[in-house]
Structures are given as structure tokens and as C-alpha cells.
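Structure first, then comments.
The values are calculated or read from the model by the stated rules, or taken from the named source; none is laboratory data. Note that the structure is a prediction, hence the values are computed from the model and not measured. Quick reminder, even Gly has a Cβ in these numbers, built from the backbone with ideal geometry, and neighbours come from all protein chains shown.
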């Protein structure tokens, strides 16, 4: 029963994560905590092992999505590697801090993060783009399939600082950095939307390798549950990547805002009162 539940959760996480470039951890972690621990269907899980499962899942979510986006040539590999280098120390530090969190503390801090992400997704369309980073950084050019030209870029030093913070949150909570880096890529660095999503998933793949190594070393990966997570996430990511070519993701992003908000409130309540 627990294997089927994990496979379904991973499948949904892979679809949503790939479709909007989030990596899927923001769905898998709270859903697995709720179903596995709060409802008691997988009682041997802990916050640390749920995070361990999430980072292993994101290797395959990121890899599956990256392969799909490579065909459309929307992955900015150079930027992905730069962001990855900045995120490595943050990821390792976050994984180390994670071992000191008990379930109430994890729920409380994770709930706060989910509400912050929900708020960011809610207001990002109302925020005005910041052009300073493009004007004072390395500029790049991209022409999409409709002939529209984009100029984007960033100062490398700022990208390192930003991705260190993103890596820390990813290592601490087991979420893909895409939930934080995609809005920054769109609003600060002026990335074309499809390039931002594709490059984010490439970053998710790379950073999850380092993230998983850290959590494996700390003994946080319950190997017995990894197979349904990997299979479900890989299939879901393929499906989500295919959907990006056929539909607009605004409806899903709106639903995701509400889901993250509700999950965040639920996590905070669990952290404070249970």
C-alpha cells in the first residue's frame, strides 16, 4: 500500500514540477509528510527521510525534464552550470542543518517557506521587471520559435549569492530550487519563460546530485522506498514536459498558489500545536 501511495505522490509531483519548473519537492515533501506521518500510512518515515526521498526523486525529475527540453533547445547550459556551482555549498550546508530539526520544527519552518513561495507566485505577475541586473551583467540573446527576441543576463557574483540561498533551502527542506530561482530568472535576469523553466530543471538535476550525496552520507535516504518514487517521478516529469508544449501553465500555477498556501498553513498548525 505504501509503495502505491508514494508512486502516486511522485507521479503528481513530477507532472507539476516539470510543468512549471519547480522540481516537484514542494509537492512531494508536504504530501508525504501528511500521508506517511500525520495519517500514519508510512509510520517509519521522518522529516529527514522524507527530504532524502525528495532529493533522490528530483534527480530523475530533473533528468527526465532536461532530456525533454533539450529537444526544443531551450536549456541554457552555461547559466545552469553557473547557478549549480553557486548552489553546491548552500545545498551541503542545508543538508547538514536538516539533521537538527524535529518534526514540529520542520513543519513550522517548512510551512513558513511554503507561504512565502505561494505569495511570491501570487504577486510575481504584478511585480515590475528589474533591468539593472541585465544591464550590469553578461548579456545573452535568445530568439524563440515565433521570432521574438529576448535579451537577458546577470552579474555572476549575484548569481552565486542567490543560488547559495536557494541551495540552502533545497538542502534543508528537500525542495527543488526552481520554486525560488524561476521567479528570479524571470523578474531579475529577464530570462525568456521557456528558457527559465528548462534551465531551472537542468539546475534541479545538477543540484539534486550534490543534495542526494549529502543526504546519503547523513543516512537520510530510505532505499526501500526509492523505487516507486523514482518510477513515478520520471513518468510524471515526461508527461509534464510534454504538456508544456501544448498548454499554458497559468491555470496550474494559480492552483499551485492555493495548494502551497493551504499546505503551508497546515504545516504551521502542525508545527505549533502537534
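Quick notes on this one:
- You will find that of 86, 153, 80, the residue that is over 21 Å from residue 27 (Cβ atoms), crowded, with 17+ Cβ neighbours inside 10 Å, touching a helix residue (DSSP H, G or I) at 6+ places or on another chain (Cβ under 7 Å) and without any contact (Cβ under 8 Å) to a residue 40 or more places away in the chain is 153 and no other.
- Residues of the range 56-80 that are under 21 Å from residue 184 (Cβ atoms) and either modelled with pLDDT of 90 or more or not in a loop (DSSP other than H, G, I, E, B) (or both): 58, 61, 62, 65, 66, 69, 75, 76, 77, 78, 79, 80.
- Residues that are over 19 Å from residue 180 (Cβ atoms) and either in contact with a strand residue (DSSP E or B) (Cβ under 9 Å, 6 or more places away or on another chain) or not in a loop (DSSP other than H, G, I, E, B) (or both) within the range 24-41 comprise 31, 32, 33, 34, 35, 36, 37, 38, listed in sequence order.
- Of the residues making up the range 94-103, those that are within 15 Å of residue 175 (Cβ to Cβ) and surrounded by fewer than 21 Cβ atoms within 10 Å (Cβ to Cβ) number 2.
- Failed item, numbered, when residue 147 is tested on (1) under 22 Å from the mean Cα position of the chain (by Cα); (2) exposed (fewer than 13 other Cβ atoms within 10 Å of the Cβ): (1)
- Number of positions in the range 172-204 that are over 23 Å from residue 146 (Cα atoms) and outside any helix (DSSP H, G or I): 5
- Of all positions in the range 249-261, at least one carries a residue that is under 21 Å from residue 173 (Cα atoms), at pLDDT 80 or above and surrounded by 14 or more Cβ atoms within 10 Å (Cβ to Cβ).
- Residue in the range 43-50 that is touching a residue at least 12 places away in the same chain (Cβ under 8 Å), under 21 Å from residue 201 (Cα atoms) and in a helix (DSSP H, G or I) present: yes
- Residue match in the range 104-124 (condition: out of contact with any strand residue (DSSP E or B) (no Cβ under 7 Å at 6 or more places or on another chain), in a loop (DSSP other than H, G, I, E, B) and surrounded by fewer than 23 Cβ atoms within 10 Å (Cβ to Cβ)): yes
- Being outside any loop (DSSP other than H, G, I, E, B), under 13 Å from the mean Cα position of the chain (by Cα), under 22 Å from residue 105 (Cα atoms) and at pLDDT 80 or above is not true of residue 207.
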